[in-house]
Protein chains: 2
Amino acid sequence: MDEFDLIHSITPRTIHHFSVDVGIGDDAALYTAKHGVQEIVCVDTLVEDVHFKLHYSSPEDIGYKALAVNISDVAAMGGIPKFYLVSLAIPSKWTKSEIKEMYEGMNELAKLYHMDLIGGDTVSTADKLVVTVTVIGEVEKGQACLRSLAKPNDIVFVTGEIGSSAAGLSLLLGETHPQSAFVETDYFIHRHKRPEPRVSVGRLCSSFKRASLNDISDGLASELNEIAEASCVSIEIDDGMLPVHSDLHKLDSAWKEWALFGGEDFELTGTVSGADWEVLKQECEMRQLPITKIGHVREKTESNVILKTDKTSMTLEKKGYNHFK
Amino acid sequence: MDEFDLIHSITPRTIHHFSVDVGIGDDAALYTAKHGVQEIVCVDTLVEDVHFKLHYSSPEDIGYKALAVNISDVAAMGGIPKFYLVSLAIPSKWTKSEIKEMYEGMNELAKLYHMDLIGGDTVSTADKLVVTVTVIGEVEKGQACLRSLAKPNDIVFVTGEIGSSAAGLSLLLGETHPQSAFVETDYFIHRHKRPEPRVSVGRLCSSFKRASLNDISDGLASELNEIAEASCVSIEIDDGMLPVHSDLHKLDSAWKEWALFGGEDFELTGTVSGADWEVLKQECEMRQLPITKIGHVREKTESNVILKTDKTSMTLEKKGYNHFK
């Protein structure tokens, strides 16, 4: 495979942002930043056999997800994704058309957000495919939804439903066998392979004076712990309010673990004031964006995150439960 | 190794740029871009056993070079490097202290340029280390040194000396055995492991109304071909003017191939007008920055790049010679 041919074949024919001055084809990309905005930049890497396996993910799926997880980080800052760069370490067994398919998977999502591919690098590697995507976005100055912005009495919310991606992965790995033939397993698998970044909800949150946000890459428990730590508060969530797919419990008795610790849902979780919650809920309803109140922010206690059930309270660590001492 | 510990241990204690609003520790980094500048962004990946081998490169060397090759891309745009993000795919055999050493190698160079580490990702991989660095820089609006800016009658120049890095690699791989014990092989090896990006010369070039620039990653012949193609001109260089180390020819009869096609020197090559060349030469002399005139830009002919010796002229392809038909 000739790298120059490949670069030519993946170079976009259209540019969405007029602020791109030089895209692919020089030493680096150049763009002009606007006044009154903050630039957002993030990078995430997916590795073959760690984050995906070739026997169940197509090149398009891999490309799609590699970009999606980065867009999700921008969404979790309340920002608009604008540009992306792709760095690939490719084993020799990959064909040129498979690599093109991977870029097509990214492009499918990029078109949705009017994002421009502005650079990257392509190198060879001996064994496993490594895909690193850098995304640049922007947010109005002072409006970023930082982890450190939660305050006592805030409402805690989560978008969409949680646990579906972990269920999909478990199905793909053959670890879960649905107990009923009437469960649509394809749905869960799709949620794992093609997560939908929640840019619109992030944008709604950034319109408030203050909102904290995280995207769910490592599991709800982990993300809420990060918000609680960064904000020096405690977060109390209600076990009965967690939004999960109505078929999730039919798949495996481990469904609650998927919801709390599974990760890779790429939904958003965060906090806003009580007054802003009413606005956010209404705006999301109007746009048919699913969002659910799951708890409250409290003054800091010994536990960062507390899960309340009908009868008990327990500390929710990043990766597991912990009963109170 | 705990990723959270690692992130904590590599999080910089000082910030050079006040425009960094959020560095490591949220979903993405945030910074405020200034008016009147263009942002530059580039990404490069180094892979174990493709770009370096662990038996001759230390973790510091690998970190240093991974950042250096990206700074070099910013230099080749005439820009100032400002921020970097690091994405690592790490095999389990690597220890936490080796990973810290890799970041220290980057930090050594970052300090020199007052660059801030603002984000990244750390994932595991089965086999080979993959290091991807994203660098963000800036250049005054309209002053970037693009490949497409060469014009007939421009002077063609190169900084430092070429071929030394390829010689160092050949020594490291045991392919070259110096014919004289008086040759300082360590020098060439150092040039391969720790290339020095030429940011100062890039900045001088960006002060002119127009300059074309490329950094020498793939070899002088390849970089000049890119400038000639992008600018629709031909470039004529003089075989006798190529700056090489005085000991290079003592190492191997292949020294001329190293100089023309070896690559990884991370010197700059480019073109400026005759009048600007006099200024550039003088400014470089004052700052003890080595720079050499190696030829001229001509109106476009059939050959993109022509190498003239005393007796012959030949076409210099990206990866080899071609005698005129």
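Here are some notes:
- Counting only residues that are touching a residue at least 60 places away in the same chain (Cβ under 8 Å) and outside any strand (DSSP E or B), the range B:110-121 holds 3 of them.
- Selection within the range A:249-279 - more than 20 Å from the chain's Cα centre (by Cα) and among the aliphatic types (A, V, I, L, M): A:Leu251, A:Ala254, A:Ala275, A:Val279
- Options B:Pro91, B:Pro178, B:Pro81, B:Pro152: the member that is surrounded by fewer than 20 Cβ atoms within 10 Å (Cβ to Cβ) and outside the structural domain of B:Asp265 (by TED's automatic domain parsing): B:Pro91
- Of all residues making up the range B:242-272, the number that are touching a Lys or Arg at 6+ places or on another chain (Cβ under 9 Å), under 16 Å from B:Asn214 (Cβ atoms) and assigned to a helix (DSSP H, G or I): 1
- Qualifying residue in the range A:202-210 (condition: under 12 Å from the mean Cα position of the chain (by Cα) and either under 19 Å from A:Gly78 (Cβ atoms) or without any contact (Cβ under 8 Å) to a residue 24 or more places away in the chain (or both)): yes
- Counted residues, the range B:77-88 - those being farther than 16 Å from A:Asp121 by Cα and not aromatic (Phe, Trp, Tyr): 6
Residue-by-condition table, conditions (1) of a type outside the set (S, T, N, Q); (2) within 14 Å of chain B (Cβ to nearest Cβ):
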position: A:Leu169; (1), (2): yes, no
position: A:Leu173; (1), (2): yes, no
position: A:Gln179; (1), (2): no, no
position: A:Tyr187; (1), (2): yes, no
position: A:His192; (1), (2): yes, no
position: A:Pro197; (1), (2): yes, yes
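- Single match in B:Glu140, B:Glu161 (criterion: within 22 Å of the chain's Cα centre (by Cα) and within 30 Å of B:Ser246 (Cβ to Cβ)): B:Glu161
- Criterion violated by B:Ala275 - all others in (1) in contact with a Cys (Cβ under 9 Å, 6 or more places away or on another chain); (2) in a helix (DSSP H, G or I); (3) surrounded by fewer than 18 Cβ atoms within 10 Å (Cβ to Cβ) satisfied: (1)
- Residue count for the range A:280-295, restricted to those that are in contact (Cβ under 8 Å) with a residue 12 or more places away in the chain, surrounded by fewer than 20 Cβ atoms within 10 Å (Cβ to Cβ) and not in a loop (DSSP other than H, G, I, E, B): 5
- Top-ranked residue of the range A:41-57 - restricted to ones that are buried (at least 21 other Cβ atoms within 10 Å of the Cβ) and part of a loop (DSSP other than H, G, I, E, B), ranked as nearest to the other protein chains (Cβ to nearest Cβ): A:His51
- Of note, A:Gly168 does not satisfy the criterion of being surrounded by 24 or more Cβ atoms within 10 Å (Cβ to Cβ), more than 19 Å from the chain's Cα centre (by Cα), under 27 Å from B:Ser124 (Cβ atoms) and in contact (Cβ under 8 Å) with a residue 12 or more places away in the chain.
- The range A:122-131, residues that are at the interface with another protein chain (Cβ under 7 Å from one of its Cβ atoms) and outside any strand (DSSP E or B): A:Ala126, A:Asp127, A:Lys128
- Flag if B:Thr134 is among the hydroxyl-bearing types (Ser, Thr, Tyr), buried (at least 18 other Cβ atoms within 10 Å of the Cβ), in a strand (DSSP E or B) and in contact (Cβ under 8 Å) with a residue 24 or more places away in the chain: yes
- Looking only at the range B:296-309, and only at residues there that are farther than 20 Å from B:Glu161 by Cβ and among the β-branched types (Val, Ile, Thr), the one that is surrounded by the fewest Cβ atoms within 10 Å (Cβ to Cβ): B:Thr301
- For the range B:116-131, the tally of residues that are in contact with a Leu (Cβ under 8 Å, 6 or more places away or on another chain) and either of a type outside the set (Ser, Thr, Tyr) or buried (at least 24 other Cβ atoms within 10 Å of the Cβ) (or both) stands at 9.
- Residue satisfying all of: in the range B:72-104; more than 21 Å from B:Pro197 (Cα to Cα) and in a loop (DSSP other than H, G, I, E, B); nearest to the other protein chains (Cβ to nearest Cβ) among these: B:Ser92
- Any hit, the range B:6-28, residues being within 11 Å of another protein chain (Cβ to nearest Cβ) and either on the phi > 0 side of the Ramachandran plot or of a type in the set (Lys, Arg) (or both): yes
Each row is one residue, and each column tells you yes or no for (1) of a type outside the set (Ser, Thr, Tyr); (2) out of contact with any helix residue (DSSP H, G or I) (no Cβ under 7 Å at 6 or more places or on another chain).
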| site | (1), (2) |
| --- | --- |
| B:Val272 | yes, no |
| B:Trp277 | yes, yes |
| B:Met286 | yes, yes |
| B:Lys293 | yes, no |
| B:Glu299 | yes, yes |
| B:Lys308 | yes, no |
| B:Ser313 | no, yes |
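- Each residue in the range B:179-203 was checked for being under 22 Å from B:Lys111 (Cβ atoms) and among the aliphatic types (A, V, I, L, M), and 2 of them qualify.
- Among the residues of the range B:149-167, at least one is within 14 Å of chain A (Cβ to nearest Cβ) and modelled with pLDDT of 95 or more.
- A:Glu196 meets the conditions (1) buried (at least 22 other Cβ atoms within 10 Å of the Cβ); (2) acidic (Asp, Glu); (3) in contact with a helix residue (DSSP H, G or I) (Cβ under 8 Å, 6 or more places away or on another chain) in every case but one. The failed one is (1).
- Per the conditions (1) out of contact with any Phe, Trp or Tyr (no Cβ under 8 Å at 6 or more places or on another chain); (2) within 14 Å of chain A (Cβ to nearest Cβ); (3) within 20 Å of B:Tyr64 (Cβ to Cβ), the sole criterion not satisfied by B:Leu146 is (3).
Table: residues versus (1) assigned by TED's automatic domain parsing to the domain that holds A:Glu101; (2) of a type in the set (Ser, Thr, Tyr); (3) out of contact with any Lys or Arg (no Cβ under 6 Å at 6 or more places or on another chain).
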| position | (1), (2), (3) |
| --- | --- |
| A:Leu30 | yes, no, yes |
| A:Glu39 | yes, no, yes |
| A:Thr45 | yes, yes, yes |
| A:Glu48 | yes, no, no |
| A:His51 | yes, no, yes |
| A:Leu54 | yes, no, yes |
| A:Asp73 | yes, no, yes |
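- Cβ pairs under 8 Å, 6+ apart, first in the range B:227-241 and on the phi > 0 side of the Ramachandran plot and surrounded by fewer than 17 Cβ atoms within 10 Å (Cβ to Cβ), second modelled with pLDDT of 95 or more and not in a helix (DSSP H, G or I): B:Cys232/B:Lys300
- Within the range A:235-255, the residues that satisfy the criterion of being at pLDDT below 95 and either within 24 Å of A:Val69 (Cβ to Cβ) or not assigned by TED's automatic domain parsing to the domain that holds A:Thr292 (or both) are A:Leu248, A:Leu251, A:Ala254, A:Trp255.
The values are calculated or read from the model by the stated rules, or taken from the named source; none is laboratory data. Just so it is clear, the model here is predicted, and its values are computed rather than measured. Note that each Cβ is placed from the backbone with ideal geometry, even for glycine, and that neighbours are counted across all protein chains shown.
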